[in-house]
Amino acid sequence: MIRQFGSGEFLFLLEGARWTVVLSLLAFFFGGMLGLAVALGRTGKWKWLRILTATYIQIFQGTPLLVQLFFVYFGLPLLGFKVDVWVALTIGLSLHTSAFLGEIWRGSIQAVPDGQSEAARALGIGYMHRMVDVVLPQAFRIGLPATISFLVNLIKGTALAALLGMTELTRSGQLMANITFQPLQVYGAVALIYFIICVPLTYCSARIERRLNTAR
Amino acid sequence: MNYTFDFTPVLAAWPSLLDGIIGTLRMSSLSMVFGLSLGIVFMMMRMSKNKALRAIAIGYIELIRNTPILVQVFFVFFGMPALGIRLSGEQAAILAMTLNCAAYAAEIVRGGVQSIRPGQFEAGRALGMHAIDIYRFIVFRPAIRAVYPALCSQFILMMLNSSLMSSVSAEELTYFAQTLDSQTFRSFEIYLTLGVIYLAMSQFFSIALGMIGRVYFSYPAK
């Protein structure tokens with residue numbers, strides 16, 4: 001007896017979508033924190049740190065996400081960590097995120113006019129306060145549209161978790177397609193769910209970008 | 001950490017890795033050419049005065065840009081046979097990447113066309129040129145020139161994305177690496193090598209395409 005693709009099956013896909021969202025948020029959170037460090041290192045005053053972070057970014061931008069995930073997945077056990085696939089995926093996606101957000105935020109930090117940090121320095125404000133109170137709030141505004149676009153890319157990127165066997169949205173789709181033999185409907189529904197998750201973010205990002213452009 | 005690295009099985013498999021590199025380049029360059037052509041069609045639809053054409057183009061572009069390429073290729077590879085169209089892994093990969101690339105290329109090229117001053121279009125119209133001729137003879141080259149770096153990044157992105165096509169058994173680099181992995185179990189060494197190869201390829205293309213661009217678009221623009 002072959003199951004038909006109906007509302008129960010759609011609910012199964014939504015169960016999977018929950019893990020897509022959780023994985024994206026985890027990777028965005030950890031990747032964002034590390035990404036801030038990368039961006040600060042990339043714009044800091046130490047040359048060796050600038051070169052190191054630039055190389056880090058280059059490596060992640062120059063290799064496929066899939067290879068990065070495999071690398072972490074197979075690499076962690078070598079370092080003596082026996083981890084679940086979802087832990088490996090969170091780590092892999094976070095590292096990926098940190099490199100891309102690091103590069104986006106480097107651009108936004110450098111887009112803040114030099115006069116701002118010069119003025120802060122002239123007032124004797126130290127690095128910490130200069131960054132937290134003067135430069136970063138302005139950089140945040142500039143970098144927001146690109147950051148949200150990257151979040152969309154990240155959500156789409158979590159689909160690769162399916163290839164490592166984690167049951168998120170795409171993997172649920174694979175399983176469901178195998179049960180129902182209706183790949184067209186199933187993958188159509190999977191695409192629709194991704195679309196519904198991503199479109200508001202894309203719209204938001206475009207709207208903020210337009211507002212920033214007219215504000216200037 | 002007590003693991004002995006052994007790259008010999010990886011290095012011994014260089015002919016299949018080379019096949020993989022060729023497969024990756026074949027698929028990504030074909031998809032780029034088809035995708036760019038289709039993308040220009042979508043771009044012109046997107047910018048046309050006809051509301052229906054514009055709606056179709058926007059719908060298509062947003063649909064592609066807000067869904068993962070992995071789901072798109074699954075849709076093509078597993079879904080098409082249900083419609084009676086049977087595709088090989090590589091055909092499905094090229095089709096999916098073309099459809100994907102078209103949406104991104106349409107937006108990139110649109111940015112280029114919008115950077116052309118309206119006076120250029122008006123001059124063409126004043127000379128009695130047809131809209132297509134205005135694009136072909138006046139707008140196109142400076143528009144592509146303006147977005148050439150973005151198109152290069154798009155190509156590199158496609159090349160990296162083609163690694164996903166191993167999941168529909170298209171014979172590209174990652175596919176051969178996975179085959180090798182299942183034969184030798186040298187996962188770490190294999191994926192390390194794989195990363196180095198992809199990194200080298202993306203660095204190479206970012207430099208080479210930049211040089212080609214400088215030569216091809218070196219006419220005085222002002």
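Determine the distance separating the Cα centre of segment B:29-82 from the Cα centre of segment A:172-197; give it in Å without decimals.
That distance is 19 Å.
Describe numerically, in nm with one decimal, the distance between label points set 7 Å from Cα along Cα→Cβ at B:I85 and at B:Q203.
4.0 nm
So if I take the alpha carbon set of segment B:8-216, get Rg, then get Rh from the Kirkwood formula, what is the Rg over Rh ratio?
Dividing the radius of gyration by the Kirkwood radius yields 1.06.
Tell me, what does the Kirkwood hydrodynamic radius of segment B:181-222 come to in angstroms if you use every pair of distinct C-alpha atoms?
With all distinct Cα pairs of segment B:181-222 included, I get 12.8 Å.
Counting only Cα, what are the radius of gyration and maximum Cα-Cα distance Dmax of segment B:107-169, in Å?
16.5, 54
Need the list of aspartates and glutamates near A:K45 for cross-linking: C-alpha distance under 16 angstrom, and skip anything on the same chain fewer than eight residues off.
Straight-line reach from A:K45, under 16 Å: A:D114, A:E118.
Can you check what the Kirkwood hydrodynamic radius comes to for segment B:65-124, Cα pairs only, in Å to one decimal?
About 13.6 Å for segment B:65-124.
Put one equal scatterer on each alpha carbon of segment A:136-191, apply the Debye formula with no solvent term, and list log10 I(q)/I(0) at q = 0.16, 0.21, 0.24, 0.29 1/Å to two decimals.
Values, matching the q order: -0.59, -0.77, -0.89, -1.06.
For A:V85 and A:W46, calculate 0.36 nm times their separation in residues minus their Cα-Cα distance, and state this gained length in nm to one decimal.
10.4 nm
So which trypsin sites (Lys or Arg not before Pro) in segment B:21-105 pass both tests, a DSSP loop state and at most 16 other Cβ atoms within 10 Å of the Cβ?
Qualifying residues, ordered by number: B:K49, B:R86.
Give me P(r) over segment A:1-121, computed from all C-alpha to C-alpha distances, binned every 5 Å, as integer percentages.
Per 5 Å bin, starting at zero, the Cα-Cα P(r) for segment A:1-121 comes out as 2, 10, 14, 16, 16, 12, 9, 7, 6, 4, 2, 1, 1, 0, 0 percent.
Please give, to one decimal in nm, the separation of the simple spin-label points placed at A:Q138 and B:R125, each 7 Å out from Cα toward the Cβ.
With each label placed 7 Å out from Cα toward Cβ, I get 4.1 nm.
Please compute the length gained on full extension between A:R3 and A:Y127, using 0.36 nm multiplied by the number of residues separating them and subtracting their Cα-Cα distance.
Gain in length upon complete extension: 38.4 nm.
Can you compute 3J(HN,Hα) from phi for each residue in segment B:31-46, using the Karplus curve 6.51 cos²θ - 1.76 cosθ + 1.60 with θ = phi - 60°, rounded to whole Hz and x for Gly and Pro?
Result, ordered by residue: 5, 5, 5, 5, x, 5, 4, 5, x, 5, 4, 5, 4, 5, 5, 4 Hz.
Per-residue mean of other chain beta-carbon atoms within 10 angstrom of the beta-carbon, peptide A:160-172?
2
How many percent of all Cα-Cα pairs in segment A:7-215 sit more than 30 Å apart?
Here the long-distance tail beyond 30 Å is 33 percent of all Cα pairs in segment A:7-215.
Can you work out the FRET efficiency for the pair A:N213 and B:Q183, with r the C-beta to C-beta distance and R0 = 45 Å, to the nearest 0.05?
Using R0 = 45 Å, I get an efficiency of 0.25.
Could you check the spin-label model distance between B:Y216 and A:L78? Points 7 Å from the Cα along Cα→Cβ, value in nm.
Here the modelled spin labels are 3.9 nm apart.
Loop-only check: which trypsin sites (Lys or Arg not before Pro) in segment A:1-98 are DSSP coil with at most 14 other Cβ within 10 angstrom?
Hits after loop and neighbour filter: A:R3, A:K45, A:K82.
How big is the Kirkwood radius of the protein assembly as shown, worked out from every pair of different alpha carbons and given in Å to one decimal?
23.6 Å
How large, in percent, is the carbon and sulfur part of the accessible surface of the protein assembly as shown at a probe radius of 1.4 Å?
Ligands and nucleic acids excluded, carbon and sulfur reach 67 percent.
The values are calculated or read from the model by the stated rules, or taken from the named source; none is laboratory data. Since the structure is predicted, the reported quantities are computational estimates derived from the model, not experimental observations. Glycine also receives a Cβ, built like all others from the backbone with ideal geometry; neighbour counts cover every protein chain displayed. These area figures cover heavy atoms from the full protein model, side chains too; ligands, DNA and RNA do not enter into them. Shrake-Rupley method; radii C 1.70, N 1.55, O 1.52, S 1.80 Å.
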